[in-house]
Amino acid sequence: MSFKSTGGEFASRNLIPRKWALFLCACSFCAGMSFTNRMWMMPESKGVARISKTEEIENPELKAVKHESNNNTEKLAMVEQAIQSQDKRLDGLKTKITAVRAERDSVSLSHPVKGTSNISGSMLKRKYFMVIGINTAFSSRKRRDSVRATWMPQGEKRKMLEEAKGIIIRFVIGHSATSGGILDKAIDAEEKMHGDFLRLVMFLSCSLNVIVSVCVHTPATLGMTLAAHRTKPRVYVGCMKSGPVLARKGVKYYEPEYWKFGEIGNKYFRHATGQLYALSKDLATYISINQHLLHKYANEDVSLGSWFIGLDVEHVDDRRLCCGTPPDCEWKAQLGKTCVATFDWRCSGICKSVERIKEVHELCGEGEDTLWRASF
């Protein structure tokens, strides 16, 4: 009895409450499930990794797909390279075609634009020694008439000059802003009467180009002067200068892009004055081909000079191309140092040219027969 009593007391003291037993069982169950899942998932993951690597190394189909992908990438690169090569060839062909066209026009001048003079069929294959282009404006009819009345031969004499000496003299003009408008029609009518115009684009394709904004009272002297340079492929002849870059807005010859030439107060690079300069055929062709790329500054003579920076061009500074009006050109002529062209610096030409050109021509010009006797 005593034993039972003792055992019963022991049992009652060590008995775990029911709710705690259930709680401990639940915790044990969850811990077991967590451990079981980890044990099953880890081999499965490793197995997948091994299968993936095995397929990558051993599966021939997968290898073929990857090889085909690499081939396609290489083919695309080759196609792109071929396209780039063809683009370069096309650009080269375009340049050559333009050069051939310029060469054809310089030889024949046989494709006149409306409002330009045609050259007779017997002269289509003739190479001209010199093409003198006289810059003119739509509103300068009186100035053109004064040139026609002095040093520019007219009618049959002009045709004889072209045939006998290979010298063409024309007024050079572009197109008006409204093509086919009243200004172009006026030039067309004047061209029909005199036949002495060339459009600017055609002029740039001519042989030896002489740009004139003043009066050339001695075309024979001009021809002999330039004949000394006719064998030079890239020659630029004129009165070379290097004037200041004018940065103040509103002044004459203001250069809006003055900042491109360095600090304020700098001078331009050497270039020929715009009154008269000459270009060899190669340089004229270069301009004709690249005119859509060449940048134009505010002043035409500066623009031209800038196009030759970096090119292998010989600059010839000849002061006979920029004599002053009488008495300067007059006493030089008396000393046997005949000037090619004359102008007043303050006017960038002859001041009151319409009224004074005849007088200047008589004092500084060469004899009427000089041009016909000259040999170039």
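The values are calculated or read from the model by the stated rules, or taken from the named source; none is laboratory data. All values reported here derive from a predicted model rather than from experimental measurement. Please note: Cβ atoms are built from the backbone with ideal geometry, for glycine as well, and neighbour counts cover all protein chains shown. Ligands, DNA and RNA are stripped out before the accessible areas are found, and what is left, the full protein with its side chains, is counted by its heavy atoms. Shrake-Rupley method; radii C 1.70, N 1.55, O 1.52, S 1.80 Å.
Ordered by 1.4 Å accessible area with all protein chains kept, VAL172, VAL79 run largest first as VAL79, VAL172. The translational diffusion coefficient of the stretch 263-335, from Stokes-Einstein at 10 °C and 1.306 mPa s with a Kirkwood hydrodynamic radius over alpha carbon pairs, comes to 109 µm²/s.
Mean separation of Cα pairs under 8 Å and 6 or more residues apart, divided by the residue count, gives the stretch 160-271 a relative contact order of 17 percent. In the complete set of protein chains, residue-level accessible area for PHE138 is approximately 60 Å², probe 1.4 angstrom. For the cross-link pairs LYS159/LYS281; LYS185/LYS249; LYS127/LYS296; LYS281/LYS352, which exceed 28 Å when the distance is taken from alpha carbon to alpha carbon? Exceeds cut-off: LYS185/LYS249; LYS127/LYS296; LYS281/LYS352. The largest accessible area among LYS159, LYS241 belongs to the first residue in LYS159, LYS241, and the rest follow in falling order (1.4 Å probe, all chains). The relative contact order of the stretch 214-273 comes to 33 percent, based on Cα pairs under 8 Å that sit 6 or more residues apart. From the alpha carbon centroid of the stretch 234-281 to that of the stretch 125-189 is 27 Å. Loop-located GluC sites (Glu not before Pro) in the stretch 253-327 (DSSP state other than H, G, I, E, B) with a sparse environment of at most 16 neighbouring Cβ atoms within 10 Å: GLU257, GLU263.
When you filter the trypsin sites (Lys or Arg not before Pro) in the stretch 281-360 for DSSP loop state and at most 13 other Cβ atoms inside 10 Å of their Cβ, you are left with LYS296, LYS337, ARG346, LYS352.
Accessible surface for ARG144 stands near 0 Å², nearest 10, in the context of the full protein assembly shown (1.4 Å probe).
Accessible area ranking (1.4 Å probe, heavy atoms, ligands and nucleic acids excluded), largest first, for TRP345, TRP372, TRP259: TRP259, TRP345, TRP372. Our estimate of slack between ARG230 and VAL354, defined as 0.36 nm per intervening residue step minus the Cα-Cα distance, is 41.3 nm. Among rounded, prolate and oblate, which fits the stretch 136-281 when a ≥ b ≥ c are the square roots of the eigenvalues of its C-alpha gyration tensor, a/c under 1.5 means rounded, and a/b larger than b/c means prolate? Oblate.
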